[in-house]
Amino acid sequence: MKKFISLFLTSIMLLVAIPATAALNVFACEPEWASLANELGGERVKTVSATTAYQDPHHIEARPSLIAKVRRADLLICSGADLEVGWLPLLQRQASNARVLPNTPGYFEASAMVERLDIPVKIDRSMGDIHAAGNPHVHLDPRRIQTIAKALQVRLVELDPAGKEYYQQRFVKFNQRWQQAMNKWQQQASQLKGTRIVVHHRDWVYLFDWLGIEIAGALEPKPGLPTTAFHLVSLKQTLKAKPAKMIVHTTYQNPRGAKRLSQLTGIPVVQLPYTVGGAEHVKDLFSLFDVTIQRLTGVNK
Amino acid sequence: MKKFISLFLTSIMLLVAIPATAALNVFACEPEWASLANELGGERVKTVSATTAYQDPHHIEARPSLIAKVRRADLLICSGADLEVGWLPLLQRQASNARVLPNTPGYFEASAMVERLDIPVKIDRSMGDIHAAGNPHVHLDPRRIQTIAKALQVRLVELDPAGKEYYQQRFVKFNQRWQQAMNKWQQQASQLKGTRIVVHHRDWVYLFDWLGIEIAGALEPKPGLPTTAFHLVSLKQTLKAKPAKMIVHTTYQNPRGAKRLSQLTGIPVVQLPYTVGGAEHVKDLFSLFDVTIQRLTGVNK
Amino acid sequence: MKTKSMLLGLVTFACLTPLTFAAKQDGFNPDISLVLDGRYGSYTNTSDYVLPGFMLGGEAGRGEKRFYLGHSELSLSAKVDDMFYGKLTTAIAEHEGETEVELEEAFIETLALDHGLAVKAGRFFSDIGYLNNQHGHTWDFMDVPLVYRGLFGNQLIDDGLQLTWLAPTDVYFKLGVEATRGNRFPAGGASIEGNGNQAVFAKFGGDAGISNAWQLGFSHWRADIEARSAGTHAHGAVSEVPTFKGESEVNGIDFVWKWSPNGNSRERNLKIQAEYFQRSEDGNIEMVGSSPLESSTYQGEQSGWYVQTIYQFMPRWRVGYRYDQLKANNTGSDAGVLAEAGLVTDGHTPERSTIMLDYSYSEYSRIRFQYSKDNSYDDGDNLFFVQYIMTLGAHGAHSF
Amino acid sequence: MKTKSMLLGLVTFACLTPLTFAAKQDGFNPDISLVLDGRYGSYTNTSDYVLPGFMLGGEAGRGEKRFYLGHSELSLSAKVDDMFYGKLTTAIAEHEGETEVELEEAFIETLALDHGLAVKAGRFFSDIGYLNNQHGHTWDFMDVPLVYRGLFGNQLIDDGLQLTWLAPTDVYFKLGVEATRGNRFPAGGASIEGNGNQAVFAKFGGDAGISNAWQLGFSHWRADIEARSAGTHAHGAVSEVPTFKGESEVNGIDFVWKWSPNGNSRERNLKIQAEYFQRSEDGNIEMVGSSPLESSTYQGEQSGWYVQTIYQFMPRWRVGYRYDQLKANNTGSDAGVLAEAGLVTDGHTPERSTIMLDYSYSEYSRIRFQYSKDNSYDDGDNLFFVQYIMTLGAHGAHSF
């Protein structure tokens, strides 16, 4: 028993080293929110993202490193609307950090700040991995990003009143740049209006809503279920009647299904970044939309 | 056994005396609805209120006197939206009075007649004493009172068709006076627009919505939970960044928390009547808003 | 102006429709409520629990030592339609190492019979006394008063029918009769083929000014008992089971007074509560399993009372004090048999003083500390308990 | 045009809020989750299951032949308020022809104690080891490793209190202590009046690059055992029950490594997991029920380990391999008594190799095929099982 205790203590000595902290420790569930937090928080925030563009935010495990990060966070920024229902509640429960529990200022749910689409009238599991609170992939509409940014700025001030002016200035600057970028994107993407696109999963609802793009079908037979050969054939039939311009998928989705459908139909496949880090030059929210629109319009020409 | 039965019977003789009845026995869950029933029903109704301005309508017990009153009621008028969820269903179940059960004409739910605010996106108990059907304190918006009065008049006619003309005349008169009073109140309160106020509980949402007042914070850390010293300190921080004009509470709320916050911040405390009977001169709905606006603007000067 | 209000109307309507739907959705699943109850007990006695002068049964007992679980109670309830209400309560409990699922309640009740009449049928807590129909998690102490433990095995639950009438009077006046099967303790196999159990009760109540409310009740209960045996709860495995056959009659009176400043119980409130029960029994005790069969005539006179007061001195915190006492005067032809049945007092008067302090973080979570100076039997003891009671799910009713 | 769309927007927004609530619908009812588990077993042995060198108890066993049901597990959980979380899990299972409701979990837990502290109270799975706190339906094989079967009767569940502290460090470091009653196997009536059971554990964890994550744990468990008897599960009805009284101490180490390309486990992922436990016991074995009473001193040294790896090679499909082994070296004054208690190995080393293949149509449905070359006892056998596990209701958590 004594040996055991000394083993404990030695291990603690070796592994525990309490690090220095920034004004606000921000834990973002997805890279887009980490990026937004950095835009608005600058040097007053220290941001980590729980996931990368290569990971499916629906399917993350509450692994030890994430629990440790939530333990020390002052602010969680997540998409919400049940996107993280499989892991975030567990992280919040295990991290014993009262500051970031639901319904505290330390928990910022981005999708709660905007109107959501795809809210089901009724739900059961036969509908697949559906979100009762609506489609959570809200960051793909720059207009919604704008609303969320405003709300996040208010939240940052609430949590760190000393940085009030700093946050406000950064927000004003961000907002100006964003507005300009939005105008540019809308111009660039004007040709996309009415385009029909096949998606892998319904990640793109907000982007398409913004650009007036129509969903021609989904590779997943039900949200969250893998593509099947049978489903691809039936998709092919549908597309024969109403053709589509392209098939899009994210970095974290297996391109096999998209490629197979492309072979069957001749429709080109486009990989979109989906979030920050999802393509080579996508370093922030601005380049995310730059690249997204570039790739979408590249096919359209 | 025989002695016992005779004891019963004697007790009954002594205590039971069936009283004379008016055209309609009205049981109002809160004083504001008793007042409204009197305005519209005049001498054709006999009104009792289950609660007074000194009682928290969330926390009432289904005590014997209330059961006895519901037993004889022809009409219940309640805020609804789960405000009375802790006691009204029990009263209705225990009173064995089929005329006033939910979904009968004898049960009038005021908040069901108007649009509610604060409807939560999702609910669980960690949010405190929250109302799934939205904020039930609808009587603090005179515009909503107007809508409810119209609906109540229709209901009174339905239950007591003999008094149709009487009720309609009273409603027209009430509505005229109310409209005039509303114009006056809006004028008097115009200076309050944009004022930031700290509340005890979110009782005031509708009043503030009407007058364009902003909630600067709540003394309750979660709806229904008592104030804590820790929460007051964090409120103080918030108010430093964004100051408030006053702290308001009702007659049934303990003023300790409000006073303590006032000491910490120098922000004055105002006790508002909240409902009929909540201050000396508040005898009906008219004086309720008279006094409320008088007290709010008194500080603002 | 008109356009604007039409617009508002439109929005309002747009809002109301889904909300109605929302309410419907929720309404089709019954309300579910789960109570979790955990305890820690500390006392020194190791002897079996007895109450001199009383046959023990039902759930009667002292509580265990160290960590243990109380009843985990799962309730489902809903309106069946606009005429009936139904409720089922199961309790999962451990008894001597065995996990048991007990069916506490399974009843239906009329909602809209009108004229003040209501019928309840199924298994339900009897409405005699004040405390009897209250679920364990709403008690103000961890355990019931001794008189409930001694006479009813904690609580009187039975299968049958109840009819009540509420008078259309200013003063609350409710009259009720119950006819039940009587298979469980203390009827324990009532005769007339399972219909030997009747109860009558009357309740009066009202307010005294704005700050006070009261209720007064009278109860009467009787049974023709075929075979009531002392439960194994308190006695462990015995091969000779003392069994009572005869008539039993209980009369009771209960009184509750509640005060809170201006009737607003949120901040401070006070509750004073007292009950008295008296039981007369006449019949025979047989030691079932003995050979040759030992038996005795038995005339029992037992009574008990308690008075308790609970004071919430600030939000979340309450203190309480309870004193209870029992008296028994049982006679019979064979003192030895009576002694084995636990019906001999040897001059001991069971009594107990209890204090408690509890803290409710919210309406749904409560942590309680309780200390009893327990002289309910010869090996009197100091009992100390810590208990948590947490309620998940549907909103509990604030009954009087 | 713009006005109209704004209007539409307004209406839509007004609608969405309540609708969201509608869809969420569960209202205040607790989250309910139901697991259905059905199996088909095939093997040739007809002898009782034993593990040479280990007293068996709890749920330990081999599985049945042909069609049979596993545990049907019903869970209710919810936040009690913003401070507490509560959960109850019952399992309905058939044991020797009897349908039993088992209370697996009934605990509350603090949510907002802060400073990394958390308290759990009630009945819960102990957090020692890696596998112990996982529910059966999340296991990667149909059965537990032999070392869990031999030492803990499958899983260590107990009533009591747990305190944990999570360090505010980059590396995950969690420290926990448990004090429990110890009434169930393997403590089986721990002494100090139900407080003779303690556990300590420490867990470390982190990521290694973007594609790897790991966790390392150390556990210690001890009990002063009053009377641990070998369960009837494996022995059927025996009149002489071998019963252990004495001290027991378990030390363990567990390790898990998970890999997936870019940390995206959706398509492919790999999990390697190993645990080692070692137990020392010192006391006496009595053959309760024998006359004259047979007894023996007993010093036990038992240990066991397993290593397993699970690979999801494409969405929906996983394969797995597990090897486990046990070792025992028990001594005592009377070899005959030890033999009757199952504590003699006769030189046999229990070991087993298992392969499995499972298919998950969705996150909520899984069908599994499992084959074991089982030499855990002398009558080694080839065990083949097919199992389905389906989860209805609330979304399960993806714990590590």
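The values are calculated or read from the model by the stated rules, or taken from the named source; none is laboratory data. Being a predicted model, the structure only gives us computed values, none of them experimental. Cβ atoms come from the backbone with ideal geometry, glycine included; neighbour counts cover every protein chain shown.
Determine if region B:102-116 includes at least one residue that is touching a Ser or Thr at 6+ places or on another chain (Cβ under 9 Å) and in a loop (DSSP other than H, G, I, E, B).
yes
B:ASN38 is checked against (1) within 12 Å of chain C (Cβ to nearest Cβ); (2) polar (S, T, N, Q); (3) not in a loop (DSSP other than H, G, I, E, B) and fails just one. What number does that condition carry?
(1)
State the number of residues belonging to region D:296-324 that are surrounded by 19 or more Cβ atoms within 10 Å (Cβ to Cβ) and of a type in the set (S, T, N, Q). Walk me through it before giving the result.
Our first condition is that a residue be surrounded by 19 or more Cβ atoms within 10 Å (Cβ to Cβ); within region D:296-324, this holds for D:296, D:298, D:300, D:302-306, D:308, D:310, D:312, D:318, D:320, D:322, D:324.
Imposing the further condition that a residue be of a type in the set (S, T, N, Q) reduces the set to D:296, D:302-303, D:308, D:312.
Residues flagged as surrounded by 19 or more Cβ atoms within 10 Å (Cβ to Cβ) and of a type in the set (S, T, N, Q) within region D:296-324 amount to 5.
Output the number of residues of region D:57-76 satisfying the condition of being among the hydroxyl-bearing types (Ser, Thr, Tyr) and within 24 Å of D:LEU88 (Cβ to Cβ).
Taking region D:57-76 first, the residues among the hydroxyl-bearing types (Ser, Thr, Tyr) are D:68, D:72, D:75.
Now restrict to residues that are within 24 Å of D:LEU88 (Cβ to Cβ): D:72, D:75.
Going through region D:57-76 one residue at a time, the tally reaches 2.
Suppose we filter region D:240-288 for residues that are among the β-branched types (Val, Ile, Thr) and within 25 Å of the chain's Cα centre (by Cα); how many remain? It would help to see each step written out before you state the result.
First, pick out the residues of region D:240-288 that are among the β-branched types (Val, Ile, Thr): D:241, D:243, D:250, D:253, D:256, D:272, D:285, D:288.
From what is left, the residues that are within 25 Å of the chain's Cα centre (by Cα) are D:243, D:250, D:253, D:256, D:272.
So the count comes out to 5.
In region D:69-95, which residues are closer than 22 Å to D:LEU156 by Cα and either facing another protein chain (nearest Cβ under 9 Å) or among the charged types (D, E, K, R) (or both)?
Correct list: D:GLU73, D:LEU76, D:SER77, D:TYR85, D:GLY86, D:LYS87, D:LEU88, D:THR90, D:GLU94.
Hey, C:PHE107 hits all of (1) within 12 Å of another protein chain (Cβ to nearest Cβ); (2) on the phi < 0 side of the Ramachandran plot; (3) crowded, with 18+ Cβ neighbours inside 10 Å but one; which does it fall short on?
That leaves (1) as the condition not met.
Can you pull out the residues in region D:370-398 that are in contact with a His (Cβ under 8 Å, 6 or more places away or on another chain) and of a type in the set (A, V, I, L, M)?
If the condition is that a residue be in contact with a His (Cβ under 8 Å, 6 or more places away or on another chain) and of a type in the set (A, V, I, L, M), then D:ILE389 is the only one that fits.
This table checks each residue for (1) of a type in the set (D, E, K, R); (2) closer than 21 Å to A:ASN103 by Cα; (3) within 11 Å of chain B (Cβ to nearest Cβ).
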residue	(1), (2), (3)
A:GLY128	no, no, no
A:ILE148	no, yes, no
A:ASP160	yes, yes, yes
A:GLY163	no, no, yes
A:GLN169	no, no, no
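If we keep just the residues of region B:127-157 that are without any contact (Cβ under 8 Å) to a residue 40 or more places away in the chain and not charged (D, E, K, R), which is nearest to B:VAL45 (Cα to Cα)?
B:VAL157
Checking D:VAL144 against (1) in contact (Cβ under 8 Å) with a residue 60 or more places away in the chain; (2) out of contact with any helix residue (DSSP H, G or I) (no Cβ under 6 Å at 6 or more places or on another chain); (3) outside any strand (DSSP E or B); (4) not acidic (Asp, Glu), only one condition comes out false. Which one?
For D:VAL144, the exception is condition (1).
Among the residues of region A:45-57, write down those that are buried (at least 22 other Cβ atoms within 10 Å of the Cβ) and either more than 7 Å from every other protein chain (Cβ to nearest Cβ) or not polar (S, T, N, Q) (or both). Don't jump to the end; show me each part of the working.
Step one: filter region A:45-57 for residues buried (at least 22 other Cβ atoms within 10 Å of the Cβ), giving A:45, A:49-51, A:53, A:55, A:57.
Selection gives A:VAL45, A:SER49, A:ALA50, A:THR51, A:ALA53, A:PRO57.
For region D:131-141, how many residues are out of contact with any Ser or Thr (no Cβ under 9 Å at 6 or more places or on another chain) and in a helix (DSSP H, G or I)?
Going residue by residue through region D:131-141, those that are out of contact with any Ser or Thr (no Cβ under 9 Å at 6 or more places or on another chain) are D:131, D:136, D:139-140.
Retained after the next criterion (residues that are in a helix (DSSP H, G or I)): D:136.
The number of residues fulfilling the criteria is 1.
Among the numbered conditions (1) among the aliphatic types (A, V, I, L, M); (2) assigned to a strand (DSSP E or B); (3) within 14 Å of another protein chain (Cβ to nearest Cβ), tell me where D:ALA397 comes up short.
Every listed condition holds for D:ALA397 apart from (2).
Considering only region D:1-80, give the strands (runs of 3 or more DSSP E) lying wholly within it that have at least 3 residues that are of a type outside the set (S, T, N, Q), at pLDDT 65 or above and touching a helix residue (DSSP H, G or I) at 6+ places or on another chain (Cβ under 7 Å).
Numbers: elements: D:31-42, D:66-69, D:72-79.
Result: D:72-79.
Per-residue answers, yes or no, for (1) facing chain B (nearest Cβ under 7 Å); (2) part of a loop (DSSP other than H, G, I, E, B); (3) at pLDDT 95 or above:
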site	(1), (2), (3)
C:GLN198	no, no, no
C:GLY206	yes, no, yes
C:HIS220	yes, no, yes
C:ILE225	no, no, no
C:ARG228	no, no, no
C:PRO242	no, no, no
C:ASN251	yes, no, yes
C:SER265	yes, yes, no
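For region C:24-68, which positions are small (Gly, Ala, Ser) and more than 7 Å from chain D (Cβ to nearest Cβ)?
C:GLY27, C:SER33, C:GLY41, C:SER42, C:SER47, C:GLY53, C:GLY57, C:GLY58, C:ALA60, C:GLY61, C:GLY63
Answer with yes or no whether D:LYS65 is among the basic types (Lys, Arg) and over 26 Å from D:VAL386 (Cβ atoms).
Values: among the basic types (Lys, Arg): yes; over 26 Å from D:VAL386 (Cβ atoms): no.
So D:LYS65 fails the test.
From the list B:PRO64, B:PRO89, B:PRO102, exactly one residue is within 9 Å of another protein chain (Cβ to nearest Cβ), surrounded by 24 or more Cβ atoms within 10 Å (Cβ to Cβ), more than 30 Å from D:GLU109 (Cα to Cα) and out of contact with any helix residue (DSSP H, G or I) (no Cβ under 6 Å at 6 or more places or on another chain). Which is it? Even if it seems obvious, please write down each step before you answer.
Numbers: B:PRO89 fails: surrounded by 24 or more Cβ atoms within 10 Å (Cβ to Cβ); B:PRO102 fails: surrounded by 24 or more Cβ atoms within 10 Å (Cβ to Cβ).
Unique residue meeting the criteria: B:PRO64.
Yes/no per residue for (1) farther than 26 Å from B:THR104 by Cα; (2) assigned to a strand (DSSP E or B):
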position: C:TYR85; (1), (2): no, yes
position: C:HIS115; (1), (2): no, no
position: C:GLY129; (1), (2): yes, no
position: C:GLN155; (1), (2): yes, no
position: C:TRP165; (1), (2): no, yes
position: C:THR169; (1), (2): no, no
position: C:GLY176; (1), (2): yes, yes
position: C:GLY182; (1), (2): yes, no
position: C:PHE185; (1), (2): yes, no
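Checking the structure you have, find out if any residue of region B:156-168 is surrounded by 15 or more Cβ atoms within 10 Å (Cβ to Cβ) and not in a helix (DSSP H, G or I). Even if it seems obvious, please write down each step before you answer.
If we filter region B:156-168 for residues that are surrounded by 15 or more Cβ atoms within 10 Å (Cβ to Cβ), which is where we start, we get B:156-157, B:159-160, B:163, B:166-168.
Within this subset, residues satisfying the condition of being not in a helix (DSSP H, G or I) are B:160.
Yes; the residues of region B:156-168 include at least one that is surrounded by 15 or more Cβ atoms within 10 Å (Cβ to Cβ) and not in a helix (DSSP H, G or I).
Of all the strands (runs of 3 or more DSSP E) wholly in region A:173-278, which have at least 1 residues that are in contact (Cβ under 8 Å) with a residue 40 or more places away in the chain, within 23 Å of A:ALA81 (Cα to Cα) and not assigned by TED's automatic domain parsing to the domain that holds A:ALA149? First the steps, then the outcome.
Values: elements: A:196-199, A:214-218, A:246-249, A:269-271.
So the answer is A:196-199, A:246-249.
Kindly indicate the residue of region A:107-117 that is in contact with a Leu (Cβ under 7 Å, 6 or more places away or on another chain) and at pLDDT 95 or above and also nearest to the other protein chains (Cβ to nearest Cβ) among those meeting that condition. Don't jump to the end; show me each part of the working.
Initially, region A:107-117 is screened for residues in contact with a Leu (Cβ under 7 Å, 6 or more places away or on another chain), giving A:107-108, A:115-116.
Checking which are at pLDDT 95 or above leaves us with A:107-108.
Numbers: A:TYR107: 11, A:PHE108: 14 Å.
Among them, the one singled out is A:TYR107.
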